[in-house]
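Values quoted throughout were computed directly from the atomic coordinates according to the rules given, and no laboratory measurement underlies them. These numbers come from a predicted model, not from an experiment. So basically every Cβ, Gly included, is an ideal-geometry build from the backbone, and we count neighbours across all protein chains shown.
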């Protein structure tokens with residue numbers, strides 16, 4: 001009991017010490033009170049907040065473009081940003097920044113849906129209006145004659161070269177009634193231009209050979225016509241030979257001579273076709289080299305210098321013996337007319 005009485009008593013908290021502790025806690029409590037304000041300031045500088053405000057501004061610009069005259073069709077934002085520098089005190093309890101952001105996004109989506117519906121409605125009206133205008137406007141006629149009474153244009157039959165049969169003796173002749181407008185000119189068939197009597201006689205003077213080889217005689221007669229410069233007659237004769245005797249030993253001669261006759265008749269396009277056919281048909285034929293050389297000549301006359309040079313180069317490569325021998329003079333004369341690189 002003596003020990004308990006002698007134990008030290010706890011020190012009492014003096015008033016001066018209590019006041020010092022309260023003064024030390026004041027800055028901490030002030031800092032805690034400033035935390036909501038700092039959070040609100042950080043929310044104002046959030047990139048999402050900035051992008052949302054920009055989106056709202058662009059949406060209002062689109063509204064003004066779609067509804068220039070207003071008419072109550074403009075949709076304003078459901079939640080507006082607080083005015084900077086307002087003297088009204090901020091509410092103590094309010095929605096969080098995330099909740100406010102979601103609410104404003106919902107408002108923007110609702111406005112976008114309204115604008116989309118209005119645009120589709122305008123497009124539908126425009127399509128109906130264009131359809132009505134197309135139905136009212138007269139459609140142009142495909143033929144100028146159809147714009148009148150609507151009767152089809154008269155079909156003029158082809159005029160045959162054969163003489164028309166004489167009319168029956170009892171057929172009455174009905175005169176056509178006079179027309180107010182000028183009558184259409186009668187369609188007169190052009191008279192076929194045939195060879196003159198002098199040419200017919202000159203061709204008939206060409207002797208047709210007659211031997212035991214009928215095919216050889218047909219080719220020889222075509223050659224005589226070409227040699228006498230009767231080119232159309234030679235072409236007809238040589239084509240007859242090529243069709244009748246495609247396996248004859250003279251077929252390479254005939255096709256090459258056909259090309260020569262068209263070339264001499266100032267028809268290089270047709271001549272080139274026969275030269276190509278003869279060369280590709282049998283490159284070892286008796287006149288395949290001639291056809292390849294004259295193919296270059298035909299291309300030169302057609303102003304196809306590149307193709308002509310190709311033909312000359314292939315001729316010199318494929319038939320070097322002919323280029324340096326039998327066809328040397330023709331090859332040199334042909335290559336002088338074109339410049340090959």
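Rank these for me by crowding, 338, 203, 133, going from fewest to most other beta carbons within 10 Å.
Values: 338 19, 203 15, 133 9.
Exposure proxy ranking, most exposed first: 133, 203, 338.
Give me 301, 208 sorted ascending by neighbouring Cβ count inside 10 Å, so fewest comes first.
Values: 301 16, 208 12.
With the sparsest Cβ surroundings first, the list reads 208, 301.
Using a Debye calculation, one point per C-alpha and no hydration shell, please list log10 I(q)/I(0) for the range 212-336 at q = 0.09, 0.19 Å⁻¹ in order.
-0.23, -1.00
At a 10 angstrom cut-off on C-beta neighbours, averaged per residue, how do the peptides 119-125, 327-333, 279-285 rank from highest to lowest?
In decreasing order of mean packing, 119-125, 327-333, 279-285 become 279-285, 327-333, 119-125.
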